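Shown next, in structure tokens, is the structure this report addresses.
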Amino acid sequence: MGQSPMIQESNSKSTNRPRLNHARTKPFTTENGTITINFSINSEITTYTFDNIVTVGFLISEANRLTKTDNIIALKTLEGIETIDYLLTIYEKTLDHFPTSLNLSPVFFEKIESEIEIQSYHPIKVIGKGGFSQVTLVRQKNTGRLYACKTVSKANILKQKKICHVLSEHKILSKVSHPFVIQLHSCFQTIDYLHFILEFCPGGELFYHLGNLGRFTEDQARFYFAEVVLALEYLHENKVLFRDLKPENILLASDGHIKLSDFGLAREIIRSDEKRYTYCGSAEYMSPEMLSRNGHGKEIDYYGLGSLLFELLTGSPPFYDESIEKMFWKIQHEELSFPKYMSEDAVDLISRLLDKNEKNRIGSKNFADIKDHIWLSTIHWKRLLHKKASPPFVPSMSRSNFADEFTSMPIEIEAFSEDTWKPCEGDRFIEFDNLYVGRVSDGWGENMRPSYVSSGDLSTVNTNSSIQHAQTFSRTESFLDMNIDESFTSENINLPRVSLSPKIHLQLNPPMLIESLSSDFLLEASPMKLALQQKLRKKNLNLTFISK
Ligand SMILES: Nc1ncnc2c1ncn2[C@@H]1O[C@H](COP(=O)(O)OP(=O)(O)OP(=O)(O)O)[C@@H](O)[C@H]1O
């Protein structure tokens, strides 16, 4: 700790490749060992050993330095492992938990005209399929960032009469922002398709992991359940009913925390006691009041919580039956039986959430009753909200977290082909506004993304400056995160000095350097500088800004 990151050159096959800086070529090992990365640039394979405290941003700048270019914006695995590829686009990510050997190839900058056009994204592979959508992993051409693109065929939703689903999803997604709720980046339509560009969750569906394990332990289930409770509390506070809680709609982010997704059945309400009358939902998770079609309110989501918890702890939904009629009858009339291995407290919470009379259901009088239940007494809600609790596991870096049945599907190539690029001028989906939300994730997480360009601005931003902005801001924001985090101490900060073409330095005492690349940064960083200064003052540290 406390030393600059070192790189050891080991086994280069190229003779005319630029030499590495001498100061960085000393053998260097840390407590945690080193990571070997094989760079593949222009088909040359070059092996380097990096200290594992190095960040992805540092690797990228090394790739640029070695190739004497400045247009490498990300790296990717040759095998296309989604979790690693995703992390390789997050500049501030350290390589601590990466596999010890990786074969990487560069991703180059490509200019785009706007964030809200399908031609700004390269499709990579299918990662999911819903009732009326295909979800594709895509890479944004100008940032190298990975997103999930949910594509809906207009013809399909017209045929299935699901227009209000997609419009409601669009409206709600454009408003919500919470650490445990999927974040919309942008959305737009072409003549034939609607596209939602969403933050990508490399951990895939909780359902997939539940299927692999059979069932979760109570501790594992408690973690996921509690994060869902927070997401739901946020939605209800903002007068949104979710109405579709199930393990398929809970995705895992790269850090293992959950993201509630699929807002197709979600609806806004005006009063918190308002009832809705549309008969909808997934058969296994229907509530008694939905089945009786007398209207339903927010209590439907508490029932959804009960079904979810039961499934996490047993591996199948409550009242499950192969015959839908029998299952619906059981949901409305039968007492639920619980396996012996389930704790009394878990049984109590599930029974109260699945109360057939929604007025008696726990949460219906006061949401806090759910959070205060004894089964959740070990949860520190504030810490959980700030992602201070460790997830049961982090998504695998060695294999895909998406089922083969999806990843082997052909991409709906028509949706990405030039013929369908034309923006829509008709008014069939006039309420589906093209939107650039621009943020991804929550601002508490590591992958907070800078909104350094707004839609349409890119034509005026030259190639170099937009790459530089991407690198500068990600690096600086991660630094801010670090300082806001209580783990900030002079010992545990060791950011690499990445030198591209610095114009200003942020100099810290204890000495530390973050280099920035553009004078624009001086203007844009002002509120950030103030916030940073305030944080540091509290910790008796000084911050000075030096312009070069
Ligand atoms: N942001 C994302 N990151 C990773 N995978 C995703 C993402 N969004 C969706 N998926 C995958 O795609 C699948 C289908 O997405 P989604 O449920 O939103 O579609 P849908 O058409 O609304 O489905 P349904 O018919 O269940 O309502 C998800 O279950 C998930 O596996």
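The values are calculated or read from the model by the stated rules, or taken from the named source; none is laboratory data. Just so it is clear, the model here is predicted, and its values are computed rather than measured. We place every Cβ from the backbone using ideal geometry, glycine too, and count neighbours over all the protein chains shown.
Values for this structure:
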| read-out | value |
| --- | --- |
| First in segment 400-413 and within 11 Å of the ligand (Cβ to nearest atom), second anywhere and in a loop (DSSP other than H, G, I, E, B), Cβ under 6 Å, 6 or more apart | N401/G203; N401/G204; N401/P395; F402/G204 |
| Subset of segment 347-374 [assigned to a helix (DSSP H, G or I), among the hydrophobic types (A, V, I, L, M, F, W, C) and more than 30 Å from the chain's Cα centre (by Cα)] | V347, I374 |
| Those residues of segment 245-299 which are β-branched (V, I, T), exposed (fewer than 15 other Cβ atoms within 10 Å of the Cβ) and more than 16 Å from the ligand (Cβ to nearest atom), in sequence order | I270 |
| Among (1) surrounded by 14 or more Cβ atoms within 10 Å (Cβ to Cβ); (2) under 16 Å from V228 (Cα atoms) - the single one R383 does not satisfy | (1) |
| Number of the exception - L88 against (1) surrounded by 21 or more Cβ atoms within 10 Å (Cβ to Cβ); (2) in contact with a Pro (Cβ under 9 Å, 6 or more places away or on another chain); (3) not β-branched (V, I, T) | (2) |
| Subset of segment 233-248 that is among the charged types (D, E, K, R) and not in a helix (DSSP H, G or I) - its residue that is farthest from E284 (Cα to Cα) | K239 |
| Segment 265-293: number of residues that are at pLDDT below 90 and part of a loop (DSSP other than H, G, I, E, B) | 18 |
| Residue count for segment 294-316, restricted to those that are assigned to a loop (DSSP other than H, G, I, E, B), within 28 Å of K275 (Cα to Cα) and in contact (Cβ under 8 Å) with a residue 40 or more places away in the chain | 2 |
| S337 vs. criteria in a helix (DSSP H, G or I), hydroxyl-bearing (S, T, Y) and either over 18 Å from Y224 (Cβ atoms) or at pLDDT below 90 (or both) | no |
| Candidate set: segment 199-226, residues that are charged (D, E, K, R) and away from the ligand (no atom under 16 Å from the Cβ); chosen: the one surrounded by the fewest Cβ atoms within 10 Å (Cβ to Cβ) | D219 |
| Flag for S133 being of a type in the set (S, T, Y), more than 22 Å from the chain's Cα centre (by Cα) and either closer than 28 Å to D404 by Cβ or in the same structural domain as H185 (by TED's automatic domain parsing) (or both) | no |
| G80, sole failed condition from (1) out of contact with any helix residue (DSSP H, G or I) (no Cβ under 9 Å at 6 or more places or on another chain); (2) assigned to a loop (DSSP other than H, G, I, E, B); (3) of a type outside the set (S, T, Y); (4) more than 16 Å from the ligand (Cβ to nearest atom) | (4) |
| Given (1) under 30 Å from S133 (Cβ atoms); (2) assigned to a helix (DSSP H, G or I); (3) at pLDDT 90 or above, index of the condition K387 fails | (2) |
| Tabulated pairs, segment 244-260, first small (G, A, S), second within 10 Å of the ligand (Cβ to nearest atom), C-beta under 7 angstrom, 6+ apart or interchain | A253/C201; A253/G203; A253/K259; S254/Y86; S254/P202; S254/G203; G256/G203 |
| L104 being away from the ligand (no atom under 14 Å from the Cβ), part of a strand (DSSP E or B) and either assigned by TED's automatic domain parsing to the domain that holds D192 or modelled with pLDDT under 85 (or both) | yes |
| Residue in segment 381-394 that is outside the structural domain of H236 (by TED's automatic domain parsing), within 16 Å of the ligand (Cβ to nearest atom) and in contact with a Gly (Cβ under 7 Å, 6 or more places away or on another chain) present | yes |
| Residue within segment 130-148 that is within 10 Å of the ligand (Cβ to nearest atom), surrounded by 24 or more Cβ atoms within 10 Å (Cβ to Cβ) and of a type in the set (A, V, I, L, M, F, W, C) present | yes |
